[in-house]
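Participant: This is the structure, below, for whatever I ask next.
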Amino acid sequence: MVRCCACGAILDPDGTEKARPPSISGSVMGDEITETCYCVACRVYTIEVVRDRFLGEESVSYHVPVPKERGDRQVALISA
Ligand SMILES: [Zn+2]
């Protein structure tokens, strides 16, 4: 579950077709998982990065807001 950085709305990658938030998931590099969701209300992407039990530590996650233009490029890159 990813929350919008700007408005705090819950961004569901499997949400209604009307919202159609592009989702980039499954980008696994080591123990790092990133998920990208687009908030239609704020017109920004929110990238959630999760590091899972790195070196025995607890999972940490942080969220990064990405302007639509940059996020679109990233989506295009990955779906290309
Ligand atoms: Zn939002």
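The values are calculated or read from the model by the stated rules, or taken from the named source; none is laboratory data. This one's a predicted model, so the numbers in the text were calculated from it and none came from an experiment. Note that we place each Cβ from the backbone using ideal geometry, even for glycine, and neighbour counts take in every protein chain shown.
Residue-wise test of (1) modelled with pLDDT of 75 or more; (2) more than 16 Å from the ligand (Cβ to nearest atom).
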| position | (1), (2) |
| --- | --- |
| Pro21 | no, no |
| Ile24 | no, yes |
| Cys39 | yes, no |
| Ile47 | yes, no |
| Val64 | yes, no |
| Glu69 | yes, yes |
| Leu77 | yes, yes |
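Participant: Still on this structure: Could you list, in sequence order, all residues of segment 1-19 that are more than 15 Å from the ligand (Cβ to nearest atom) and either modelled with pLDDT of 50 or more or of a type in the set (Asp, Glu) (or both)?
Facilitator: Matches in segment 1-19: Asp14, Glu17.
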